[in-house]
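Let me begin by presenting the structure, written as structure tokens, before commenting on it.
Values in this text are rule-based calculations from the coordinates and carry no lab data. Bear in mind the structure is a predicted one, so any value in this text is a computation, not a measurement. Quick reminder, even Gly has a Cβ in these numbers, built from the backbone with ideal geometry, and neighbours come from all protein chains shown.
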Amino acid sequence: MKNDSNFRISVTLNGTDQTTHLTVNHKDETFEVELDGKTIVILNNGDNSWSSVDGNADQLTINLIGDAIEQFYNEQGW
């Protein structure tokens, strides 16, 4: 059974000094965000690393978004 979960994260992306707020859709093993009008889907590899499943984002951006997702879950106590 899928557990749809939507939440917001804040992340400072590489090359910017502004915080970006993103809505995350976690409907299965993947995490989907919309960044600059494009959908990015990432996957936690289970070893503190993240991979792109769909979309066009560099590895640093994927890692920064993944770190923000992990921070969100840590703050929730999950």
query: Short version: ³J(HN,Hα) in whole Hz for each residue of the range 27-41, in order, from phi by Karplus 6.51 cos²θ - 1.76 cosθ + 1.60 (θ = phi - 60°), x for Gly and Pro, what are they?
result: 9, 8, 6, 9, 10, 10, 10, 10, 10, 6, x, 10, 8, 10, 10
message: Quick query: amide H of W50 versus all other amide H atoms, modeled in the peptide plane; which residues come in under 5 Å with a sequence gap of 5 or more or a different chain?
response: N45
field: Derived scalar couplings ³J(HN,Hα) [the range 15-24; Karplus, 6.51 cos²θ - 1.76 cosθ + 1.60; whole Hz; x for Gly, Pro]
entry: x, 10, 10, 10, 7, 9, 9, 10, 8, 10
task: Per residue of the range 42-57, in order, report the coupling 6.51 cos²θ - 1.76 cosθ + 1.60 (Karplus, θ = phi - 60°) as ³J(HN,Hα) in whole Hz, putting x for Gly and Pro.
output: 10, 9, 7, 6, x, 10, 6, 10, 10, 10, 7, 9, 7, x, 10, 9
message: Please compute the contact order of the chain in relative form: average sequence separation of alpha-carbon pairs under 8 Å and at least six residues apart, divided by the residue count, as a percent.
response: 22 percent
query: Helix 59-76 sits at what angle to the longest principal axis of the chain, using alpha carbons and giving 0 to 90 degrees rounded to 10?
result: 50 degrees
- request: Go through (i) 3, 15, 28, 31, 16, 6, 1, 0; (ii) 3, 15, 25, 25, 18, 9, 4, 1, 0; (iii) 3, 13, 14, 11, 9, 8, 8, 8, 7, 7, 6, 4, 2, 0 and flag the label whose value is the computed P(r) over Cα pairs in 5 Å bins from 0, in percent for this structure.
  value: (i)
- prompt: Dipole size in debye (nearest 20) for the chain around its Cα centre, Lys and Arg Cβ +1, Asp and Glu Cβ -1?
  reply: 160 debye
task: Rank V53, V11, V33 by mean-square fluctuation in a GNM of the chain with C-alpha springs under 10 angstrom and give only the top-ranked residue.
output: V53
